[in-house]
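A.B. asks: Have a look at the structure that comes next, please.
Read the figures in this text as sums done on the coordinates, not as results from a lab. Everything numeric in this text was worked out from a predicted model, so none of it was measured. Please note: Cβ atoms are built from the backbone with ideal geometry, for glycine as well, and neighbour counts cover all protein chains shown.
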Amino acid sequence: MDESTNSPAPAGVRVPEVAARDEAPRPPGKSVFSVQDLGVHYGAAQAVKNVTLEIEAGAVTAFIGPSGCGKSTVLRCFDRLNDLIPGARVDGRILYHGTDLYGDDVDPVEVRRRVGMVFQKPNPFPKSIYDNVAFGPRVLGMKVKMDDVVEQSLRRAALWDEVGKRLKENALGLSGGQAQRLCIARALATQPDVLLMDEPASALDPISTARIEDLIGDLKGDYSIIIVTHNMQQAARVADKTAFYSVEVNEESGHRTGVLVEYDRTDTIFTNPSDQRTEDYVTGRFG
Ligand code: ADP
């Protein structure tokens, strides 16, 4: 990085906008999720423990770390998908805009309307492009102008120009990258304020991956985005904040439990981490 961007510009010198933006510290934003001592068991086995962090509203947050350290498990807690896994138990608290996400009066279906999920493998339904996007609002009985919702969602997912004239075609005919953007449009159709993405580009070619990353940049601000990724360069490119998870091994039992090691601004995680385990991972010495 050009060190001169750290110094004030001499009078009359125009600092390039992008450099100025890179150097400006983000003011601490509001939290969309406040995670307090979260832990998840599958049966008797504890998959992840002691996770405490604030997810900033309107920002992109990346979860990185070696396979099996609990990234997807934590991600699934934000839309209560672990509720659907027999034997899974969630301890601790997650506040969503200040409300206990696991409170007795909270309807998990409403949670999943507001908190959309995009999976690793694009999974369009064997239906038309239109019916894929309209699926969520229909199932939820949302009183909306469906044509408008379908168009807006596809535009927001940067897919309208490619499919706007063939909405009746089967979605299974789309390319992998288009199918993934369709899944994003489908998630947006229920008007969520959070998008969870579990390795959304790992099954895609480099060009489709770049389009998904551009789209993430375009959606942030309007949506809070949490992305699990194995690709550290991707985290560095798209995320404002990054959480690094690792695995602790119990010496007696050999049991492996995921822990949150460090959570900070992405540039700090990658250039000046405070924990040796983070440094070893981001420099490729481990994992
Ligand atoms: P990561 O996303 O970091 O690769 P996961 O959250 O997928 O990690 O997994 C964390 C741990 O939880 C692993 O030991 C994994 O085997 C276990 N696990 C994940 N999902 C399930 C499940 N549905 N049932 C039982 N164990 C699971």
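A.B. asks: Among TYR281, TYR102, what is the fewest-to-most ranking by other Cβ atoms within 10 Å? Don't skip to the end; give the middle numbers.
C.D. replies: Details: TYR281 24, TYR102 18.
So the ranking, lowest neighbour count to highest, is TYR102, TYR281.
A.B. asks: Round to the nearest 0.05 the FRET efficiency obtained for ASP218 and PHE135 when R0 = 22 Å and r is the Cβ-Cβ distance.
C.D. replies: In this case the efficiency is close to 0.45.
A.B. asks: Let me ask another. Full-extension gain between ARG256 and ILE85, please, as 0.36 nm times their residue separation minus the C-alpha to C-alpha distance.
C.D. replies: Additional length available on full extension: 59.6 nm.
A.B. asks: May I pose another question? Listing ILE55, ILE226 from the residue with the fewest other Cβ atoms within 10 Å to the one with the most, what is the order?
C.D. replies: Listed from fewest to most nearby Cβ atoms, that is ILE55, ILE226.
A.B. asks: Now for a different question. For the chain, what is the convex hull volume of the alpha-carbon atoms per residue, in Å³? Before the final figure, lay out the partial values.
C.D. replies: Values: hull volume 46.5 nm³, N = 287.
Enclosed volume per residue, from the Cα hull, is 162 Å³.
A.B. asks: For SER67 paired with GLN36, estimate the spin-label separation in nm (one decimal), with each label point 7 Å from Cα along the Cα-to-Cβ line.
C.D. replies: My value for the distance between the label points is 3.6 nm.
A.B. asks: Right, something else. How far apart, in nm, are two points set 7 Å out from the Cα along the Cα-to-Cβ line at PHE286 and at VAL109?
C.D. replies: In this crude spin-label approximation the distance works out to 4.5 nm.
A.B. asks: Give the Cα extents of segment 86-180 along the principal axes, in whole Å, largest first.
C.D. replies: 47, 29, 21
A.B. asks: Order by neighbour count: ASP240, ASP107, fewest other Cβ atoms within 10 Å first, most last. Write down the numbers at each step before the final one.
C.D. replies: Working: ASP240 17, ASP107 9.
The order, fewest Cβ neighbours first, is ASP107, ASP240.
A.B. asks: A further question follows. Along its three principal axes, how long is segment 117-223 when you only count alpha carbons? Whole Å, largest extent first please.
C.D. replies: 37, 31, 21
A.B. asks: Additional query: Nothing charged except the Cβ atoms of Lys and Arg (+1) and of Asp and Glu (-1): what's the magnitude of the dipole of the chain about its Cα centre? Round to the nearest 20 debye.
C.D. replies: 1000 debye
A.B. asks: Could you give the length gained by full extension between GLN276 and ASN170, i.e. 0.36 nm per residue of separation minus their alpha carbon distance, to one decimal place?
C.D. replies: Difference between extended and current length: 33.2 nm.
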